[in-house]
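Participant: One structure coming up, written as structure tokens, with questions to follow.
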Amino acid sequence: MRDDSLNFTRVIHTAAWVWLGYLFLLAGVDAYLYAGHPLVILGPYYLINGAIALLFLGFSYWEWLQNRLKSFYVPLMLLIIAGLPIIASRLWIRPFPPGPLSNVEGLTLRLLPVLFIGLVIVAWQYRWEAVVVFALGTAVLDIALVMINTPNLPAQATATHAVVFVTIVRSVSFLVIGYFINVLAHQLRAQQAQLIEANARLVHYASTIEQLSISRERNRLARELHDTLAHTLSGLAVQLETTQAYWDVDPETARDLLARSLAATRSGLNETRRALKALRASPIDDLGLLLALQKLTHSAAERGKLTLSLSLPEQIPSLSPDVEQCVYRIAQEALENVVYHANAQTLAVLLNISAEEIHLKIADDGLGFDKKQFQETGHYGLAGMRERAQAAGGDLTINSQPGQGTTVQLNLKGF
């Protein structure tokens, strides 16, 4: 028995109830066709076939039997639904009164819907070879029982030939229909396997993206703490050591250094609080991209005592959260670098957004830096900015030379 993701037990239940429904429908038709005949003539047929159908139904709900037989469970159910009805119809059923479907050919046709249920189970659960075995096996059993149970008379021989013809047609039909059911079942399993594999890749990809985002945020947090808390504490340690050295030699200078240390401590505390507040949540969620950028640039200009030139569009089209985060975080990183490292006098921020492209430009007239030295040391968090741009499908260009300022440009297309 194949280990399918589809609920095979439910299919067996459905097959059992369809079989019982077919017997009730057939009984109604026979009651109409043979209304003038005693019920005792038709009774054995429906009693025996009904008992077989109820046996099939009971076994389909018997979980202990399924767990006990395991791979032999389906062959047992196929024997009940395909073999026992043929045997009962050919050996144990009394002849029907004259009428439609009352001869041996008619009994063969009566079995067709029941055998078709078994065919569906075989074609769905097994390979194509099993379909061939099922079609040929039911045909051989049916023909053999008819030949054994039929007297050797010319009239009966003609009926036997008719049964053989009907059985051959039924077997060919089973082979054709079973082939298509089998192909469809295998295609369905293949699609399900591909879907499971795609879902696994998607989960892995999502996990990778999440870990990468966490890593980037950790790097940004480390840079924020380095530029605020670490700088403050290192400077404070130097000032306190100097204060200690002057404490006994020059108390007045020591008190002045102590006052400067307190001022540096308060300034560092404010910067640390600002950095932590920025890390708690993205201002984009509350203000939108334009207002968040406006507030960010004004705050940077105020903290760095810079002359600001800001150019933002009045309105922007709807952007995905990933694109908005990319633009905002790159601008935030670039502005922090200007405030802490550039020693600039002026700051220019330009944002242009069209239907096809986003262009962000941040320029200062500060100290600048040597790009080769940057590649060796990796300062200022510019590597993280490039990673953000690449993740959003954009390009980040950084132009800088010592003493000539720095220009950071972000271009996003096809967003």
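The values are calculated or read from the model by the stated rules, or taken from the named source; none is laboratory data. Since we're looking at a predicted model, the values are computed, not measured. Reconstructed Cβ throughout: ideal geometry from the backbone, glycine too, with neighbour counts over all protein chains shown.
Participant: Just for region 161-191: of the residues that are among the small types (Gly, Ala, Ser) and within 15 Å of Thr138 (Cβ to Cβ), which one is surrounded by the fewest Cβ atoms within 10 Å (Cβ to Cβ)? First the steps, then the outcome.
Facilitator: Step one: filter region 161-191 for residues among the small types (Gly, Ala, Ser), giving 162, 171, 173, 178, 185, 190.
Applying the additional criterion that residues be within 15 Å of Thr138 (Cβ to Cβ) yields 171, 173, 178.
Numbers: Ser171: 21, Ser173: 14, Gly178: 23.
Here the residue is Ser173.
Participant: Out of all the residues in region 259-276, which are surrounded by fewer than 16 Cβ atoms within 10 Å (Cβ to Cβ) and hydrophobic (A, V, I, L, M, F, W, C)?
Facilitator: Listed by number, the residues that qualify are Ala259, Leu262, Ala263, Leu269, Leu276.
Table: residues versus (1) of a type in the set (A, V, I, L, M, F, W, C); (2) at pLDDT 85 or above.
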| residue | (1), (2) |
| --- | --- |
| Trp19 | yes, yes |
| Ala35 | yes, no |
| Ile48 | yes, yes |
| Ala53 | yes, yes |
| Ser60 | no, yes |
| Trp64 | yes, yes |
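Participant: Right, next: Is it true that some residue in region 91-113 is at pLDDT 80 or above and touching a Gly at 6+ places or on another chain (Cβ under 7 Å)?
Facilitator: Going residue by residue through region 91-113, those that are at pLDDT 80 or above are 109-113.
Imposing the further condition that a residue be touching a Gly at 6+ places or on another chain (Cβ under 7 Å) reduces the set to none.
Looking for residues that are at pLDDT 80 or above and touching a Gly at 6+ places or on another chain (Cβ under 7 Å), one finds none in region 91-113, hence no.
Participant: Ok, one more. Return the only residue of Val172, Val131 being assigned by TED's automatic domain parsing to the domain that holds Arg90, modelled with pLDDT of 90 or more and touching a helix residue (DSSP H, G or I) at 6+ places or on another chain (Cβ under 7 Å).
Facilitator: Answer to the check: Val131.
Participant: Give all pairs with beta carbons closer than 6 Å in which a residue from region 48-71 that is closer than 18 Å to Gly118 by Cβ meets a residue that is not in a helix (DSSP H, G or I); count only pairs at least 6 apart in sequence or on separate chains.
Facilitator: Close Cβ pairs (under 6 Å, with a partner that is not in a helix (DSSP H, G or I)) amount to Ser71/Met1.
Condition check ((1) of a type in the set (A, V, I, L, M, F, W, C); (2) at pLDDT below 85) across all residues:
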residue	(1), (2)
Ile196	yes, no
Ala206	yes, yes
Ile209	yes, yes
Glu224	no, yes
Ser234	no, yes
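Participant: Also, quick follow-up: Could you please find all residues in region 134-169 being of a type in the set (Phe, Trp, Tyr) and at pLDDT 85 or above?
Facilitator: Taking region 134-169 as the starting set, the residues that turn out to be of a type in the set (Phe, Trp, Tyr) are 134, 165.
Of everything in region 134-169, just one residue is of a type in the set (Phe, Trp, Tyr) and at pLDDT 85 or above, namely Phe134.
Participant: Looking at this structure, is Ile12 surrounded by 11 or more Cβ atoms within 10 Å (Cβ to Cβ), among the β-branched types (Val, Ile, Thr), over 30 Å from Gln192 (Cα atoms) and at pLDDT 80 or above? Explain how you work it out, then say what you get.
Facilitator: Details: surrounded by 11 or more Cβ atoms within 10 Å (Cβ to Cβ): yes; among the β-branched types (Val, Ile, Thr): yes; over 30 Å from Gln192 (Cα atoms): no; at pLDDT 80 or above: yes.
Here the answer is no, as Ile12 does not meet what is asked.
Participant: Something else about it: Looking at region 345-374, which of its residues are within 36 Å of the chain's Cα centre (by Cα) and free of Cβ contacts under 8 Å to residues at least 40 places away in the same chain? Show your work before the answer.
Facilitator: Of the residues in region 345-374, the ones within 36 Å of the chain's Cα centre (by Cα) are 353-360.
Answer for region 345-374, where residues must be within 36 Å of the chain's Cα centre (by Cα) and free of Cβ contacts under 8 Å to residues at least 40 places away in the same chain: Ser354, Ala355.
Participant: Tell me, yes or no, whether region 302-321 has at least one residue that is in the same structural domain as Gln409 (by TED's automatic domain parsing), touching a helix residue (DSSP H, G or I) at 6+ places or on another chain (Cβ under 8 Å), part of a helix (DSSP H, G or I) and surrounded by 14 or more Cβ atoms within 10 Å (Cβ to Cβ).
Facilitator: Yes, some residue in region 302-321 is in the same structural domain as Gln409 (by TED's automatic domain parsing), touching a helix residue (DSSP H, G or I) at 6+ places or on another chain (Cβ under 8 Å), part of a helix (DSSP H, G or I) and surrounded by 14 or more Cβ atoms within 10 Å (Cβ to Cβ).
Participant: Also, quick follow-up: When the residues of region 334-345 are narrowed to those that are of a type in the set (Gly, Ala, Ser) and either at pLDDT 90 or above or not assigned by TED's automatic domain parsing to the domain that holds Gly403 (or both), which ends up surrounded by the most Cβ atoms within 10 Å (Cβ to Cβ)?
Facilitator: Filtering first and then ranking leaves Ala334.
Participant: Considering each of Ala331, Ala389, Ala348, Ala355 in turn, give the residue that is in the same structural domain as Ser299 (by TED's automatic domain parsing), on the phi < 0 side of the Ramachandran plot, modelled with pLDDT of 90 or more and not in a strand (DSSP E or B). Quick ask: steps written out before the conclusion?
Facilitator: Details: Ala389 fails: modelled with pLDDT of 90 or more; Ala348 fails: not in a strand (DSSP E or B); Ala355 fails: modelled with pLDDT of 90 or more.
Only one candidate qualifies: Ala331.
Participant: Specify the residue that is farthest from the chain's Cα centre (by Cα); the eligible residues are those in region 195-221 that are over 16 Å from Gln390 (Cα atoms) and of a type in the set (D, E, K, R).
Facilitator: Arg220
Participant: Could you list all residues from region 270-288 that are over 31 Å from the mean Cα position of the chain (by Cα) and at pLDDT 80 or above?
Facilitator: Matches in region 270-288: Leu287 only.
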